Amino acid sequence: MGWASAVTVADYDNDGFEDIFITYFIHNVIYRNNGDGTFTDVTRPAGLYREGTFWGSACTFIDYDRDGNLDLFVGHYAHLDIATTPPPGSDPTFCMNAGVPVFCGPHYFHPVAPFCFTTMATARSSM
């Protein structure tokens, strides 16, 4: 897991139970509702696991391609590499406002393109 930023809920597998997708700093996760008050992490079997570090900041289920099946859209905040990012307040040119350390806005980082997963029907049949 990581630091959660956004959540969307929908019955993507059409089993009558609401499933949950959560964006996290590092890796996003989709939880399938088991129908008994519990959830199972099905990120890898659903084909939603992506190698690398991502900072998901927005997400929604939508029928993006109008095929009658839910698709998943994930927006990303920025690329952040913890190994090369200076600690807060240690670099006077990084994430400072009037000499005070502040939350780093996106202009300090490289942008990351959004991701649209349009094969949720395939993911549904593989689990």
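The values are calculated or read from the model by the stated rules, or taken from the named source; none is laboratory data. As the structure is a prediction and not an experimental result, all values here were calculated from the model. Every residue, glycine as well, gets a Cβ built from its backbone with ideal geometry; the counts of neighbours run over all protein chains shown. Protein only, heavy atoms only, side chains kept; ligands, DNA and RNA dropped before computing areas. Shrake-Rupley method; radii C 1.70, N 1.55, O 1.52, S 1.80 Å.
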Springs between alpha-carbon atoms under 10 Å, Gaussian network over the chain: tell me which of T23, T53, T84 tops the mean-square fluctuations.
T84
So what's the back-of-envelope 222 nm ellipticity for the chain, counting only DSSP H runs of four-plus at -39500 (n - 2.57) apiece and dividing by all residues, rounded to 500?
-1000 deg cm²/dmol
Could you do me a favour and compute the accessible area per residue for the chain, 1.4 Å probe, result in Å²?
58 Å²
At 0.36 nm per residue, and after removing the present C-alpha to C-alpha distance, how many nm does the segment from R44 to F115 gain when stretched out fully?
24.0 nm
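Across every pair of different alpha-carbon atoms, what Kirkwood hydrodynamic radius in Å does the chain reach?
Over the chain, the inverse of the mean reciprocal pair distance is 16.1 Å.
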Under 5 Å between amide H atoms, partner at least 5 residues away or on a different chain: which partners does A6 have, H built in plane at 1.01 Å?
T23
Rounded to 0.05, the calculated FRET efficiency for the beta carbons of C104 and D65 at R₀ = 30 Å is 0.30
Whole-Hz Karplus ³J(HN,Hα) for the range 37-45, in order, using 6.51 cos²θ - 1.76 cosθ + 1.60 and θ = phi - 60°, x for Gly and Pro?
x, 10, 10, 10, 6, 10, 4, 5, x
Share of carbon and sulfur in the accessible heavy-atom surface of the chain [1.4 Å probe, %]:
58 percent
Placing unit charges on C-beta atoms (Lys and Arg positive, Asp and Glu negative, everything else neutral), compute the dipole magnitude of the range 1-117 about its Cα centre in debye, rounded to 20.
500 debye
Dipole of the chain, positive end: most advanced residue of F117, L80, H27 [Cβ charges, Cα centre]:
L80
